[in-house]
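Have a look at the structure below, then the notes.
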Amino acid sequence: MKKIITMICGMLLTAMSSMNAKTLVVYYSYTNNCHDIVQTLSSQIDTDVMRIEPADKTQKYEANGYAIGTKLLNAIKAAPNDAASYPAIDPVSITDLTPYHTIIIVTPLWWSQMAAIMQTYLFHHGSEMAGKNIGLIVSSASSGISGVVNDCKRLVPNGKYFSENLWINNSNRSNRSTMIKNWLTSVNYNSLTAIKTPTTKSTTTHNYYSLSGQRLSQAPKRRVFIANGKKVFR
Ligand SMILES: Cc1cc2nc3c(=O)[nH]c(=O)nc-3n(C[C@H](O)[C@H](O)[C@H](O)COP(=O)(O)O)c2cc1C
């Protein structure tokens, strides 16, 4: 009976170790570059996906030299701890982040910062991501992403960040599939998201014999004997 239970437990643990803990990709996209990135990403990993939408769909963020984007970001900069500084977003489709061990944030860069709409989502939900693995993918035309990384760390201060962020820009966008694949490998995505199984107590049984070949019920205290085919001195 004991042997059967041990066998079943072993089989269950083996099955569990090949499963991955859940991942959520959360993103915002105005001109669909981030949307394309998310489609490529979700063809490579098993993930739930949630798109953040602004409440006001009429805004043309690129108009007048990106004036609206600038105005939104300046309001956040002036009072980053005030909810009223952030542009309103639609209610989100996934409200419970508990099942997700890993969250990958995919966002456009606006004026070297995180796009304001994405900031709104993280302002309200970043604290729920404490202790979770956090990946960050940023899409820009050409600007470097350090400002976006800083925004992310301000809004998700207690995330366990991947060892690297991924920056995709106009010059390498067409190569995104390979870039994402290499990034997932270099941050060790598979082992980050693997369910950790408890180590089972060793069930190895030892066979002890005296030098004359007589089987012993336990390891002798102080003499020469054979254990698992090897001579042991005590
Ligand atoms: C308001 C606004 C400001 C932007 N500012 C910058 C910038 O400073 N540097 C840059 O390289 N790209 C900038 N961009 C371009 C976007 O970062 C880039 O096109 C990105 O791929 C857009 O992602 P999306 O298509 O998912 O919205 C800006 C775009 C907008 C709408």
Integer Hz, Karplus 6.51/-1.76/1.60 couplings in order for segment 124-138, x for Gly and Pro: 7, 10, x, 5, 6, 9, 4, x, 8, 5, 10, x, 10, 10, 10
Two-decimal Rg to Rh for segment 61-167 - Kirkwood Rh, Cα set: 0.96
Whichever aspartates and glutamates have a C-alpha closer than 13 Å to that of Lys77, once near sequence neighbours (fewer than 8 apart) are set aside: Asp151
Distant-in-sequence amide H partners of Tyr28 (H built 1.01 Å from N, under 5 Å): Ile52, Val106
Under 5 Å, built H, 5+ apart or other chain: amide partners of Ile89: Ala55
Mean Cβ neighbour count within 10 Å, used as a protection proxy, ranking 104-111, 86-93 highest first: 104-111, 86-93
Solvent-accessible area per residue, Å², over segment 19-187 with all protein chains present [probe radius 1.4 Å]: 47
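Carbon and sulfur: what percent of segment 19-187's accessible surface (1.4 Å probe)? Let's see the in-between values first.
Values: 3970 of 7970 Å².
Solvent-exposed carbon and sulfur of segment 19-187 make up 50 percent of the total.
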Whole-angstrom gap from segment 29-90 to segment 156-197, using each part's C-alpha centre: 21
Segment 48-65 - phi-based ³J(HN,Hα) in whole Hz, Karplus 6.51/-1.76/1.60, Gly and Pro as x: 8, 10, 9, 9, 8, 10, x, 5, 8, 8, 8, 5, 10, 5, 8, 5, 6, x
Spin-label pair Ser42/Asn158, simplified geometry with 7 Å Cα→Cβ offset, distance in nm: 2.9
Derived scalar couplings ³J(HN,Hα) [segment 92-105; Karplus, 6.51 cos²θ - 1.76 cosθ + 1.60; whole Hz; x for Gly, Pro]: 8, 7, 10, 9, 9, 8, 3, x, 9, 8, 9, 10, 10, 9
Segment 104-165: Rg to Rh, with Rh as the Kirkwood radius over Cα pairs: 0.94
Built amide H within the under 5 Å cut-off of Ala130, gap 5+: none
Unsatisfied cross-links (Cα-Cα over 25 Å) in the set Lys22/Lys153; Lys160/Lys181; Lys22/Lys71; Lys132/Lys181: Lys22/Lys71
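The values are calculated or read from the model by the stated rules, or taken from the named source; none is laboratory data. Everything numeric here is computed off the predicted structure, so don't read it as measured data. Cβ: placed from backbone, ideal geometry, glycine included. Neighbour counts: every protein chain shown. Remember, those area values only see protein heavy atoms, side chains included, never the ligands or the DNA or RNA. Shrake-Rupley method; radii C 1.70, N 1.55, O 1.52, S 1.80 Å.
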